[in-house]
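Colleague: Pasting a structure here, questions to come.
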Amino acid sequence: MPFVVVYDACVLYPAPLRDLLVRLGRTGLCQVKWTRQILDECFRNIAAQRPDLAPEKLLRSRELLEQAILDVHVSGHESLIDGLTGLPDPDDRHVVAAAIRCGAQVIVTFNLKDFPNAVLARYGMEAQHPDDFVRDLIDLDAATVTQVVRAQAAALKNPPRTLSEVVERLRDQGLTVSASMLEETLGI
């Protein structure tokens, strides 16, 4: 059975990274989870930062995201939120509560300081930067991850992107080690 991960809103915000993470979640290498509250936060931030995007386009993107992975939604975690202590930002308790409810081993987030390992270890989980997460998946199954990145590049039509451009955009979004590993395994 694959390990369970919860994606925090911040890693779903940048479209190229979101695309990669969703595609990886569809491979079976891990079981991806999130909550409606995580998606609310993600799309609220996208709308605030990208007022040029039409609300109906954002709604369509969210609908596609919600349909992209089977059994992705966590529910029933709300009762755990108030009992969680030790997190620097109380607004992140819902993410940890969701991770507890679904038995996640990893929370994938850019905000590592908001998810101290000392707190998460109580629940048998850890926070990972998306670069570490993708690197670990490459170590686990490089062929599958490179196939995912090839498919991601092939799917981009407007505008089209080369494999090298896709990897470079992932590097720009913080996947520096993973991008170097992908360049090596992809031969670019």
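The values are calculated or read from the model by the stated rules, or taken from the named source; none is laboratory data. What you are looking at is a predicted structure, and each value in this text was computed from that prediction instead of being measured. Positions of Cβ are generated from backbone atoms using ideal geometry, with glycine treated the same way; all protein chains shown enter the neighbour counts.
Colleague: Could you tell me which of the residues Asp40, Asp52, Asp19 is of a type outside the set (S, T, N, Q) and assigned to a loop (DSSP other than H, G, I, E, B)?
Modeller: Details: Asp40 fails: assigned to a loop (DSSP other than H, G, I, E, B); Asp19 fails: assigned to a loop (DSSP other than H, G, I, E, B).
Of the residues listed, the single one that is of a type outside the set (S, T, N, Q) and assigned to a loop (DSSP other than H, G, I, E, B) is Asp52.
Colleague: Could you please give the count of residues in the stretch 137-175 that are surrounded by 14 or more Cβ atoms within 10 Å (Cβ to Cβ), of a type in the set (Val, Ile, Thr) and farther than 29 Å from Met1 by Cβ?
Modeller: So the answer is 2.
Colleague: Moving on. What number of residues within the stretch 74-112 are part of a helix (DSSP H, G or I) and either in contact with a Leu (Cβ under 6 Å, 6 or more places away or on another chain) or aliphatic (A, V, I, L, M) (or both)?
Modeller: Step one: of the stretch 74-112, the residues part of a helix (DSSP H, G or I) are 78-81, 90-102, 112.
If we keep only those that are either in contact with a Leu (Cβ under 6 Å, 6 or more places away or on another chain) or aliphatic (A, V, I, L, M) (or both) too, we end up with 80-81, 93, 95-100, 112.
Qualifying residue count, the stretch 74-112: 10.
Colleague: Being in contact (Cβ under 8 Å) with a residue 40 or more places away in the chain, more than 16 Å from Val22 (Cα to Cα) and of a type in the set (Ser, Thr, Tyr) narrows it down to one of Thr185, Thr146, so name that one. Please lay out each step first, then the result.
Modeller: Values: Thr146 fails: more than 16 Å from Val22 (Cα to Cα).
Sole residue among the options that is in contact (Cβ under 8 Å) with a residue 40 or more places away in the chain, more than 16 Å from Val22 (Cα to Cα) and of a type in the set (Ser, Thr, Tyr): Thr185.
Colleague: Is it the case, given these coordinates, that Leu65 is at pLDDT below 95, closer than 22 Å to Ala151 by Cβ, buried (at least 18 other Cβ atoms within 10 Å of the Cβ) and not small (Gly, Ala, Ser)? Can you show your working first?
Modeller: Numbers: at pLDDT below 95: yes; closer than 22 Å to Ala151 by Cβ: yes; buried (at least 18 other Cβ atoms within 10 Å of the Cβ): yes; not small (Gly, Ala, Ser): yes.
Taking the combined requirement at face value, the residue satisfies it.
Colleague: If you don't mind, another one. Does Gln37 qualify as being surrounded by 15 or more Cβ atoms within 10 Å (Cβ to Cβ), closer than 22 Å to Ala121 by Cβ and of a type in the set (S, T, N, Q)?
Modeller: On the way: surrounded by 15 or more Cβ atoms within 10 Å (Cβ to Cβ): yes; closer than 22 Å to Ala121 by Cβ: no; of a type in the set (S, T, N, Q): yes.
When the stated conditions are applied, Gln37 does not pass them.
Colleague: Take the stretch 98-120 and flag every residue that is surrounded by 17 or more Cβ atoms within 10 Å (Cβ to Cβ) and either among the charged types (D, E, K, R) or on the phi > 0 side of the Ramachandran plot (or both).
Modeller: Listed by number, the residues that qualify are Arg101, Asp114.
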